[in-house]
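Working notes, structure below.
The values are calculated or read from the model by the stated rules, or taken from the named source; none is laboratory data. As the structure is a computational prediction, the values presented were derived from the model and not from experiment. When we count neighbours, we look across all protein chains shown, and the Cβ atoms used for this are built from the backbone with ideal geometry, even at glycine. The area values use the complete protein model at the heavy-atom level, side chains included, leaving out ligands, DNA and RNA. Shrake-Rupley method; radii C 1.70, N 1.55, O 1.52, S 1.80 Å.
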Amino acid sequence: MALLRRRRASRAKPITSPATLSASFERRSFVVGAVQGGVGLLLAGRMTYLSVFESEKYTLESESNRVNLSLIPPRRGWILDRNGAPLASNKADFRVDIIPDRMRDPKAELATLAPLLGLDADKLRDLHDKIDANHGFQPIEVASGLNYEQFAAVSVRLPDLPGVVPQRGFSRFYPTGPAVGHLIGFVGPANAEEYQKDRNPILITPGYKIGKDGIEKQFEQRLRGVPGARRVEVTATGRMVRDLATREDVQGDPVQLTIDGPLQDYAARRLGLESGSVVVIDCQTGDLLCMASMPSFDPNSFSDGIGRVEYSMLSQDERVPLRNKVLKGLYPPGSTVKPMVAMSFLEAGLDPNAATSCAGGLRVGNRVFHCWNRRGHGHVDMAKGIYQSCDVYFYHFAQQIGMDTIAAMARRCGMGQEFPLPVLSQFYGTVPDPAWKLKKYGQEWQAYDTVNATIGQGYMLANPLQLAVMAGRLATGKKLMPRLQLNPDEPNPASMNFHGDHVQVIQNAMSDVVNGPGTAGRARLPIDDVLMAGKTGTAQVVGLNISSGKGGIWKYRDHGLFIFFAPFDNPRYAGAVVIEHGGGSGAAYPIARDVMTFMFDPQKGLEALYALEKQWGGTAQERLTARYAAFAAAAGQNIGPAPRREEDVFARVDAESRAAQTRPQPLETGAVAPPPEPVANTVPPNADQAIPVPSPGPSPLPSPAPFPEPR
Amino acid sequence: MNSVVPAPVARQPWAMLAPLILLTLFGSAVLFSAAGGNLQPFALSHLVRFAIFLTMASVMTLFSREFVRLFAYPAYAVILLLLVGVEALGFVGGGSQRWINLGPIVLQPSELMKPAVVLALARFYGDLPSGMVPTWRSLVPAGVMIGVPMLLVLAQPDLGTALAIGFGGAIVMFLAGLPLKWFGGAAAAGAALAPLAFFFGLKPYQQRRVFTFLDPESDPLGDGYHITQSKIAIGSGGITGKGFNEGSQSHLNYLPEPHTDFVFATMAEEWGLIGGLFVLLAFFLILRWGWKVALASEDRFSRLLAGGMVATVFFYVAINLMMVMGLAPVVGIPLPFMSHGGSSMMTNMICLGTLMMIHRWNVRSGRRGLS
């Protein structure tokens, strides 16, 4: 109103006098004062809003500024053997990780770290690979197992090394190294996919590792434990002011396996230079006492990150150190199926004394199927058929009994079966029968198919674990189920319901293989009151037209197999040994003998091992280290990087063996001639031999057995 | 006034002095905390400076009106010359320069220009015949008197101080009774030119500050950091605060400039809403007393001088608090009597000293003083 009036007045009479100016000052000062008061009220209102209505939000933000929560990685649960000794434990150490996201100049910082931590050029290149490939938030291990001086040297330079995290922690330790590599697996930092699956912040905490293979992966949740936490007050620049609270971590629960640690280690070392596996199971419970597979990798060094040299060495090795041969090696079982086949005969009503005459071959229809011993075995009953591994005996009676009966018994004994074990995967092979062949090839079962199957050749494939289970079930007449995790309630295996004294018949025949006039006299235990029973097997890999299977190119040599149990009349342990390309069963049963010797008399077993290791050049661990050094020196710079994902490490090897398993096997068109079986204490041709007989007719006589050594 | 209190003491303007002294003491308590619980380096020097400048203000009250009128234009001219000198030094030295180092004291002429502009304009309008007020002859000289120092300060560059000079001058012109339509026109022209000025006149860092003000969460670790951390400090204080010396935002360095521009946030974190309202109340009492002095004075020169001084102090308080509470972009303007720093303390005490001086003139002239 006042302003309007004034404006009208000035338009009409534009006189400005000191009086009007004074009035104007009073009005306007009131306006300015009012506006100022308004601003004051606005500020008071804003202040109230911030400190009352938004107080909760800002209090939280202030706390999250002030308090830095850092996780303490939990100590991983131990993996114990059946006696409580650690197969995998934790070792306190100093370590250094880097978090690429937080680094200013990764290259320069690594160059600073290299001399402090003693990193060589290979290791540096591996680290650069990882920095390039990883997501930046993932911690990368630079070095672990450091001594205090190295740790301190890095710590004092920290202001110049953003993103470098030195810490005290625990690293996984596998006391027996390569001996448990395939079984236990190893640990490593979680990769991006694993973090996406399980958004647990502990996974991206520097120094934290999860199980990557084997038992470590299978029991990951149980082994993991609960992370501790440390609340620290920090300044804006990240300097710690004081500890507010610390919650200790809770160690993961241990996992106790049925494995007997010393036995596992012994068997792995006893495999020596060979590529193979040893399985031992307890005949009362089915406990897996040993699942050794060699050559192997050292899980200790894998857990530090897989280096390019190491990966290159392992992946190029034709003995596939990256494959767990116990579960993923599939082999024609060879003559080791004969006790099982004999049991199927017995159960089908065949008298064990029923005999046939072996003249070195058997004519079926217009074909002649050879025995491995071309001179023939003469009069052969069931026991002799087993201990002399006479093929003609089995040809003869298998024709009478039929393949369906044999195949059913094979499955009852565990062949072709997948066992409920806490393992990542197992390949379970093939038990062929007429229905299977019709389905797979659309062809009728032929007499030669039965002939091949009864001597464990042809389509038949099994893994060493199945062979060990078969040995155990035949030896005890109980339906042993292999188990890997020890728990207090001992399983009570059901009976296989074999009739009469059939189990004893097989036990005695298999004892004679070793202790009587059989094919494996050298396998006799050097312990007076324990008699081991067994059965040799030699599985042919390529036709005799390519190689004799005894020597020459390694990968053309025959596989050597041996199944066993001891003591023969009251079995306590059963097992199987498979040596890839060992050149025959002679490569397998000495190992079984020494492993069983170790079970009953560790001292004697170790003496035998020490003598051998002296020839081989050290323990498995020492040889692996030496090979690594030699390989690294030879390979120099031209090595591709290791796979980024740990899964890829095994993927190729697994894919190859899976392909081998499912490869459309060429349709067998004839009988496989059995490979020679070494027979220790009888006349020479001490070997079965498998010679594919493309057409019936005379085939060349096999060369004399390679292991003619009498006991 | 009762007779127990001696007259020279009772004569003082306690309505303003009491809140001022309490506010300054409170400010030094906050600075004590900002220094991590130490008198040094902030709190003690804050108190010492206050004592010195309060003495200076007391001396100022002795000046007569005629002396101040005489002094107005020469003071303005000297300070303008100093500003030019600073520019020249800065040009020679290469880079931004705001100070002149005169041996023991460091002089910031742009600070002194704030009261000087008000003084010169009050003199100008006080002398201007009332008939000329609505004509161009009242506008152009005043515009030049405001515009030249503003441009010089902008060139430093110091946007906050330039705006403070402009604000003080504009308020004096408004109070002097210039036609309202000029202000309306200026506001309209300003609104039209603001976008141009924003895009061509401001430096990139200043533009960024404005954007950040509009959306502080867009860059909480960069330019929005100041505002965000300041709001966290104020908000986390709640009603009663975290307690003296317990502010984590300031003590752990999350809050930038906890002892100068963001001293209010430091205070609010530890004293909460209660402390904040106390500060606002103190400023309210001081400024209200200033307006009363202005209205009580009898001549035009004194009125305009007093009104301009109140406006200058108000500008500091309002802009600083709005910035700290996230209502204005970040401009480097301290909070009077609480922020640590000699220049702003001096400017504000000159403003208050001038008001005390006018208060004394009013009392002398026999008109009713305001207690």
- Query: Out of curiosity, is A:Val469 closer than 24 Å to A:Ile184 by Cα, assigned to a loop (DSSP other than H, G, I, E, B) and assigned by TED's automatic domain parsing to the domain that holds A:Arg367?
  - Reply: no
- Query: Which residue pairs have Cβ atoms under 8 Å apart, sit 6 or more places apart or on different chains, and have a first residue in region A:293-304 that is without any contact (Cβ under 8 Å) to a residue 12 or more places away in the chain and a second that is open to solvent by 10 Å² or more (accessible area, probe 1.4 Å)?
  - Reply: A:Ser301/A:Gly307; A:Ser301/A:Glu310
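Going through region A:474-490 one residue at a time, which ones are assigned to a loop (DSSP other than H, G, I, E, B) and either among the acidic types (Asp, Glu) or farther than 18 Å from A:Val255 by Cβ (or both)? Spell out the reasoning first.
As a first pass, look at region A:474-490 and keep what is assigned to a loop (DSSP other than H, G, I, E, B): A:477, A:479-482, A:484, A:486-490.
Scanning region A:474-490 gives A:Gly477, A:Lys479, A:Leu480, A:Met481, A:Asp489, A:Glu490.
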- Query: Do the conditions hold for A:Ala494, that is, is it outside the structural domain of A:Asn83 (by TED's automatic domain parsing) and surrounded by 24 or more Cβ atoms within 10 Å (Cβ to Cβ)?
  - Reply: no
- By residue number, the members of region B:88-117 that are surrounded by 16 or more Cβ atoms within 10 Å (Cβ to Cβ), assigned to a helix (DSSP H, G or I) and at pLDDT below 80 are B:Gly90
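Determine whether region A:38-60 contains at least one residue that is of a type in the set (Gly, Ala, Ser), closer than 30 Å to A:Leu203 by Cα and either in a strand (DSSP E or B) or out of contact with any helix residue (DSSP H, G or I) (no Cβ under 9 Å at 6 or more places or on another chain) (or both).
No, region A:38-60 has no match at all.
Matching residues to (1) open to solvent by 60 Å² or more (accessible area, probe 1.4 Å); (2) at pLDDT below 90; (3) in contact with a helix residue (DSSP H, G or I) (Cβ under 6 Å, 6 or more places away or on another chain):
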| site | (1), (2), (3) |
| --- | --- |
| B:Met16 | no, no, yes |
| B:Ala29 | no, no, no |
| B:Gln40 | yes, yes, no |
| B:Ala51 | no, no, no |
| B:Met60 | no, no, yes |
| B:Leu70 | yes, no, no |
| B:Tyr76 | no, no, yes |
| B:Leu81 | yes, no, no |
- Counted residues in region B:282-295 being open to solvent by 20 Å² or more (accessible area, probe 1.4 Å) and more than 9 Å from chain A (Cβ to nearest Cβ) come to 2
- Item | Contacts under 8 angstrom Cβ, first residue in region B:67-82 being among the small types (Gly, Ala, Ser), partner crowded, with 19+ Cβ neighbours inside 10 Å, 6 or more apart | B:Ala72/B:Leu119; B:Ala72/B:Ala120; B:Ala72/B:Ala122; B:Ala72/B:Arg123; B:Ala75/B:Ala116; B:Ala75/B:Leu119; B:Ala75/B:Ala120
- Among (1) free of Cβ contacts under 8 Å to residues at least 24 places away in the same chain; (2) open to solvent by less than 40 Å² (accessible area, probe 1.4 Å), A:Pro115 falls short only on (2)
- Note on the structure: Restricting region A:336-360 to residues that are part of a loop (DSSP other than H, G, I, E, B) and hydrophobic (A, V, I, L, M, F, W, C), the one nearest to A:Asn497 (Cα to Cα) turns out to be A:Ala348
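What are the residues in region B:125-155 that are open to solvent by less than 40 Å² (accessible area, probe 1.4 Å) and within 14 Å of chain A (Cβ to nearest Cβ), if any? Full working, then the answer.
At the first step, the residues of region B:125-155 found to be open to solvent by less than 40 Å² (accessible area, probe 1.4 Å) are B:125-126, B:128, B:130, B:133, B:138, B:142-143, B:145-147, B:149, B:152-153.
B:Tyr125, B:Gly126, B:Leu128, B:Ser130, B:Val133, B:Ser138, listed by residue number.
Please determine, by comparing only the residues of region A:307-319 that are of a type outside the set (Gly, Ala, Ser) and open to solvent by less than 20 Å² (accessible area, probe 1.4 Å), which one is nearest to A:Gly177 (Cα to Cα). Give the derivation first.
Applying the first criterion (of a type outside the set (Gly, Ala, Ser)) to region A:307-319 yields A:308-311, A:313-314, A:316-319.
So of that shortlist, the ones also open to solvent by less than 20 Å² (accessible area, probe 1.4 Å) come out as A:308-309, A:313-314.
Working: A:Arg308: 19, A:Val309: 18, A:Met313: 17, A:Leu314: 15 Å.
Checking each candidate, the answer is A:Leu314.
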- Message: Among the residues that make up region A:66-73, is at least one of them within 14 Å of chain B (Cβ to nearest Cβ) and either in contact with a Ser or Thr (Cβ under 7 Å, 6 or more places away or on another chain) or under 14 Å from A:Tyr208 (Cα atoms) (or both)?
- Response: yes
- Item | Residue within region A:432-450 that is buried (at least 20 other Cβ atoms within 10 Å of the Cβ) and among the aliphatic types (A, V, I, L, M) present | no
- Task: Sort out which residues of region A:379-414 are of a type in the set (S, T, N, Q) and either out of contact with any strand residue (DSSP E or B) (no Cβ under 9 Å at 6 or more places or on another chain) or surrounded by 19 or more Cβ atoms within 10 Å (Cβ to Cβ) (or both), and write them in order of number.
- Result: A:Gln388, A:Ser389, A:Gln400, A:Thr405
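Sort out for me the helices (runs of 4 or more DSSP H) sitting completely within region A:189-249 that have 1 or more residues that are surrounded by fewer than 18 Cβ atoms within 10 Å (Cβ to Cβ).
Details: elements: A:192-197, A:214-218, A:220-224.
By residue number, A:192-197, A:220-224.
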- Task: Can you run down the residue pairs with Cβ atoms below 6 Å, 6 or more apart or on separate chains, where the first is in region A:152-171 and at positive phi and the partner is open to solvent by 40 Å² or more (accessible area, probe 1.4 Å)?
- Result: A:Gly163/A:Arg102
- So which of A:Glu149, A:Glu56 is within 14 Å of chain B (Cβ to nearest Cβ), more than 26 Å from the chain's Cα centre (by Cα) and open to solvent by 60 Å² or more (accessible area, probe 1.4 Å)? A:Glu56
